[in-house]
1. Among the lysines in the chain, how many pairs, 8 or more places apart or on different chains, have alpha carbons under 23 Å apart?
2. Can you give the calculated 222 nm mean residue ellipticity of the chain, where each DSSP H run of n ≥ 4 adds -39,500 (n - 2.57) and the sum is split over every residue, rounded to the nearest 500 deg cm²/dmol?
3. Tell me the trypsin sites (Lys or Arg not before Pro) within the stretch 50-151 that lie in a loop according to DSSP and have at most 10 other beta-carbon atoms within 10 Å.
4. Which one of Q130, L144, A70 is farthest out on the positive end of the charge dipole of the stretch 49-150, using unit charges on Cβ (Lys, Arg +1; Asp, Glu -1) and the Cα centre as origin?
5. Using +1 at the C-beta of Lys and Arg and -1 at the C-beta of Asp and Glu, which of I49, G89, L110 has the Cα lying farthest in the positive direction of the dipole of the chain?
6. Given an 8 Å cut-off on Cα distances and at least 6 residues of separation, report the relative contact order of the chain as a percent.
7. What is the sum of charges, Lys and Arg at +1 and Asp and Glu at -1, for the other residues whose Cβ falls under 14 Å from the Cβ of K124?
8. Would you mind checking which residues have amide H under 5 Å from G53's amide H? H placed 1.01 Å from N; only 5 or more apart, or other chain.
Amino acid sequence: MKRIVIFIAVGLLMFGAGFGGGLIFGRSMAESAGAGGAGGSVVSEPGPIIPVGEFTCNLAGSGRSILNFAVSLETTPDSKAVDIINSIGWHTRIRNEILLIVKDKIYEDLTSAEGALQLSEEIKRSLNAQLPQLKGETLIARVLFDSFILQ
């Protein structure tokens, strides 16, 4: 009988220590996240946003899948980036490159949010490789989807 009481007492003591430690650890993590943001990262102000337009594209693969989406490009804060992208010829090249990238995608690639983010990053890398750099930096910071409908 004494053993049962001792096991129960030790169990409650261990539970209390674990629960209390978890509360203290959770509060300290919440305070550090509140003070410095998520992991201490600094969130930058958004740069100028250039609407590229709406696209409707057949996807690769055996099914009859269609993607309808609208894209905007967030540029670096430098105002010359907007002038370069809006200059004659670049807008058409950007639209063409986006269409060529999307044409190679299949339905399963784009059904999740992760797939859409990967597409966004792929478009960004491809466009930054084609566009001229400004002071050694790429012009496009993010590719943003205004709408995204997959059928």
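1. Total qualifying Lys-Lys pairs in the chain comes to 5.
2. Computed ellipticity for the chain at 222 nm equals -17000 deg cm²/dmol.
3. Listed in order of number, the matching sites are R64, K135.
4. Q130
5. The listed residue farthest towards the positive side: L110.
6. 26 percent
7. -3
8. V71
None of the figures in this text is laboratory data; all of them are computed from the coordinates on show. Owing to the predicted nature of the structure, the values given are computational and were not obtained by experimental measurement. Heads up, the Cβs are rebuilt from the backbone with ideal geometry, glycines too, and the neighbour counts pull from every protein chain shown.
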